[in-house]
Amino acid sequence: MNARQRGDRRTALLYVSPALLALGCLTVYPGLWVLWLSLQHRIPIFDVDRFAGLSHYLFLAQDPRFWNAGRVTLVFAAVSVGLELGLGLLTALALRGQRAGRRLALALLLLAWALPAVVTARIFEWLYHPSAGLVNLLLGGRTINWLGDPALALPALILADVWRTMPFVALLCYARLLGIPPELYEAAQVDGAGRTAMFTRITLPLLRRILLIVLLFRTLDALRAFDLMFVLTGGGPAGSTETLTVYAYRSLFQTLQLGFGSAISVVVFALVMLVAWSYLRLLRRQRLGA
Amino acid sequence: MSRQRAGGGRHLADAAILLALAAYAIPFFWQLLSSFKVDADLLHGQLVPARLTLAHYRVVVEQSPVPRALVNSLVVALLTTGLALGFGGLAAYALARLPVPGRSALLLGVIAGTAFPQIATVSPLYLLMRALGLRDTWLALVLADTSFALPLVIWLLAGFIAEIPEELEQAAALDGAGRLQVLRWVVLPLMAPGAASAALLTFLFSWNEFLFAYTFTASEPARTVPVALALFPGVFEVPWGDIAAASILASLPPVVIIVVFQRLLVRGLLAGAIRE
């Protein structure tokens, strides 16, 4: 190693150190600390602070509220991501031929995505108002209590989430569609391919990769989602919209059980990492197969 | 395909799609309209109001914690953006151009970092902020938001820097420019559009962020807009009109970004998605 290389190495370390320091102190260290916390009984207001071992996890294993939250989380993630992917793909296909007013079209589309989730929660709370909300007005003046009925609250929440995140899916699919050379379709047309054949043989295969990427991002976001349900329904009524993140938050900061709440956080953490890891495996297998 | 479909039919289709997208945005426009309605019209479900009022905005601006929260949000989002771009830019340059020890492990860590759930670190960060005496301060939010935004910023900027032809830097180095000079006069101008994309995404994340802001603040002098909106005071009845006005004010920066800086934002979003 000559002097220049040594100098470069030193410069490299110097340049990465502020970011590494920030990530180390504020992400990695708390990420390890939460594992440790989840093994403690820690309730600051009662001065409780002792080692608990795996007892929180053992409790969770037979905690009906935990299993309910897990079920709500999975239903929420599966249904909203499924709807977002379908609607997003349709929107992208519709937008593809747009010539005039593309900028306006994208602004209208991205509006729902760019708003703070808390604003979305407030918007939908008002839309769902039993006597004066737009949804009931459009249904001819009915007085359905969307957010107060345990059977309706989760679908209502999912609808708000789909509204908010479908634009992201649509944008990524739209960008990919614009990248497909028109010559491909012209050649297929010459060969006598119909519209359906062109869609299933050209468009879909070329979209597959971006759809997989979007599927991953959206699944991770849906599993981590918190703001929307916390503000819109607070997990209610009767726990029908209480996700793992909401259960974790309430245990941590409303009943102030820092150890127990951390154990639920760790479960969310593990779930997210498991999804990311299986996706990476899937993607690698696809690339080897291709 | 659609390329060949000529003239009137295309215009009609374009208009239909714009109309459908406008319909999609109705929840927002309904909130906008509600913010100008008088209370009687709001509660009687009047679709088209007889008259409009600025009363809700007056209440929000003069009597609610929202104006203070807007200032807090702006300061936190700007400081977060500056810090994340400064730290992230240096790290990205090193990862793209310099022999960083353990480079591939670091890149993997950066990607994993973008998947990190906030709820996983909120409890230790709360204890950390309390121990450092940072509860209820801007700094707590800036630090937490920055660390959370850094992985994506590093990833985006490293990609943008890698696109810059390295010959330009080598030429400048041959002319006797040092590392920092090359960074300042060659790399920085060329990566400006990429940096702007990353800055917009970071600003938007920080402006919209709720969980950290809700947990680390306890009083109005530090609360950000999403927190103020979530806790919007109502004594006996929910003040729907005031809440509508407050949510429109909270939406202004995101709306400006998608209208004025749309191209940069979309570029950043697309670049962020093509990470493997």
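The values are calculated or read from the model by the stated rules, or taken from the named source; none is laboratory data. Bear in mind that the values here come from a model prediction, so they are computed numbers and not experimental data. With ideal geometry, Cβ positions are generated from the backbone for all residues, glycine too; neighbour counts draw on all protein chains shown.
Within the range B:122-166, the set of residues being assigned to a helix (DSSP H, G or I), over 16 Å from the mean Cα position of the chain (by Cα) and charged (D, E, K, R) comprises B:Arg130, B:Glu163, B:Glu166. Looking only at residues that are among the hydroxyl-bearing types (Ser, Thr, Tyr), surrounded by fewer than 23 Cβ atoms within 10 Å (Cβ to Cβ) and over 16 Å from the mean Cα position of the chain (by Cα) in the range A:252-290, which one is farthest from A:Arg209 (Cα to Cα)? So the residue we want is A:Thr255.
Check whether at least one residue in the range A:46-54 is within 11 Å of another protein chain (Cβ to nearest Cβ), touching a residue at least 40 places away in the same chain (Cβ under 8 Å) and either hydrophobic (A, V, I, L, M, F, W, C) or surrounded by 20 or more Cβ atoms within 10 Å (Cβ to Cβ) (or both), and report yes or no. No, the range A:46-54 contains no residue that is within 11 Å of another protein chain (Cβ to nearest Cβ), touching a residue at least 40 places away in the same chain (Cβ under 8 Å) and either hydrophobic (A, V, I, L, M, F, W, C) or surrounded by 20 or more Cβ atoms within 10 Å (Cβ to Cβ) (or both). Give the residues of the range B:107-118 that are modelled with pLDDT of 90 or more and surrounded by fewer than 23 Cβ atoms within 10 Å (Cβ to Cβ), sorted by residue number. Once the filter is applied, which keeps residues that are modelled with pLDDT of 90 or more and surrounded by fewer than 23 Cβ atoms within 10 Å (Cβ to Cβ), the range B:107-118 yields only B:Gln118.
Of the candidates A:Tyr57, A:Tyr15, the single residue that is over 24 Å from the mean Cα position of the chain (by Cα), part of a helix (DSSP H, G or I) and modelled with pLDDT of 95 or more is A:Tyr57. Only one of the listed residues (B:Glu220, B:Glu169) is in a helix (DSSP H, G or I), touching a residue at least 40 places away in the same chain (Cβ under 8 Å) and assigned by TED's automatic domain parsing to the domain that holds B:Leu98. That residue is B:Glu169. Please work out if B:Ile257 is among the aliphatic types (A, V, I, L, M), crowded, with 22+ Cβ neighbours inside 10 Å and either touching a helix residue (DSSP H, G or I) at 6+ places or on another chain (Cβ under 7 Å) or not assigned by TED's automatic domain parsing to the domain that holds B:Gly89 (or both). So B:Ile257 fails the test.
In the range A:93-105, the condition of being hydrophobic (A, V, I, L, M, F, W, C), in contact (Cβ under 8 Å) with a residue 60 or more places away in the chain and within 13 Å of chain B (Cβ to nearest Cβ) is met by at least one residue. Taken over the range A:183-194, residues that are part of a helix (DSSP H, G or I) and either surrounded by fewer than 10 Cβ atoms within 10 Å (Cβ to Cβ) or among the hydrophobic types (A, V, I, L, M, F, W, C) (or both) amount to 5.
In this entry, B:Val227 is excluded by the filter for residues that are more than 30 Å from B:Ala40 (Cβ to Cβ), without any contact (Cβ under 8 Å) to a residue 60 or more places away in the chain and outside any loop (DSSP other than H, G, I, E, B). The set of residues in the range A:55-66 that are surrounded by 13 or more Cβ atoms within 10 Å (Cβ to Cβ) and of a type in the set (A, V, I, L, M, F, W, C) comprises A:Phe59, A:Leu60, A:Phe66.
Between B:Leu231, B:Leu188, the distinction of being facing chain A (nearest Cβ under 10 Å), of a type outside the set (Gly, Ala, Ser) and over 16 Å from the mean Cα position of the chain (by Cα) belongs to B:Leu231 only.
Yes or no, residue by residue, for (1) crowded, with 22+ Cβ neighbours inside 10 Å; (2) farther than 26 Å from A:Arg176 by Cβ:
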{"residue": "B:Trp240", "(1), (2)": "yes, yes"}
{"residue": "B:Ala250", "(1), (2)": "yes, yes"}
{"residue": "B:Gln262", "(1), (2)": "no, no"}
{"residue": "B:Leu265", "(1), (2)": "yes, no"}
{"residue": "B:Leu269", "(1), (2)": "no, no"}
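With respect to being within 30 Å of B:Thr217 (Cα to Cα), at pLDDT 95 or above, within 11 Å of chain A (Cβ to nearest Cβ) and within 19 Å of the chain's Cα centre (by Cα), B:Leu32 falls outside the description. As an exercise: evaluate B:Pro233 against (1) within 19 Å of B:Pro67 (Cβ to Cβ); (2) modelled with pLDDT of 95 or more and give the number of the one condition it does not meet. Result: B:Pro233 fails condition (2) only. Report, by residue number, each residue of the range A:32-45 that is under 31 Å from the mean Cα position of the chain (by Cα) and either touching a residue at least 12 places away in the same chain (Cβ under 8 Å) or assigned to a strand (DSSP E or B) (or both). Within the range A:32-45, A:Val34, A:Leu35, A:Leu37, A:Ser38, A:Leu39, A:Gln40, A:His41, A:Arg42, A:Ile43 qualify. Among the residues of the range B:78-108, those identified as in a helix (DSSP H, G or I), without any contact (Cβ under 8 Å) to a residue 24 or more places away in the chain and at the interface with another protein chain (Cβ under 9 Å from one of its Cβ atoms) are B:Gly86, B:Leu90, B:Ala94, B:Arg103, B:Leu106.
Considering A:Leu74, A:Leu90, A:Leu139, the condition of being within 26 Å of the chain's Cα centre (by Cα), more than 7 Å from chain B (Cβ to nearest Cβ), farther than 30 Å from B:Arg267 by Cβ and not β-branched (Val, Ile, Thr) is satisfied by A:Leu74 alone.
Please indicate, with yes or no, whether at least one residue in the range A:232-241 is over 21 Å from A:Arg71 (Cβ atoms) and of a type outside the set (Ser, Thr, Tyr). No: zero hits. Just checking, does the range A:114-134 include any residue being part of a loop (DSSP other than H, G, I, E, B), more than 7 Å from chain B (Cβ to nearest Cβ), closer than 18 Å to A:Ala156 by Cα and β-branched (Val, Ile, Thr)? The answer is no, given that none of the residues of the range A:114-134 is part of a loop (DSSP other than H, G, I, E, B), more than 7 Å from chain B (Cβ to nearest Cβ), closer than 18 Å to A:Ala156 by Cα and β-branched (Val, Ile, Thr). So A:Ala175 passes all but one of these: (1) aliphatic (A, V, I, L, M); (2) facing chain B (nearest Cβ under 8 Å); (3) within 12 Å of A:Leu228 (Cβ to Cβ). Which condition number does it fail? The number of the failed condition is (3).
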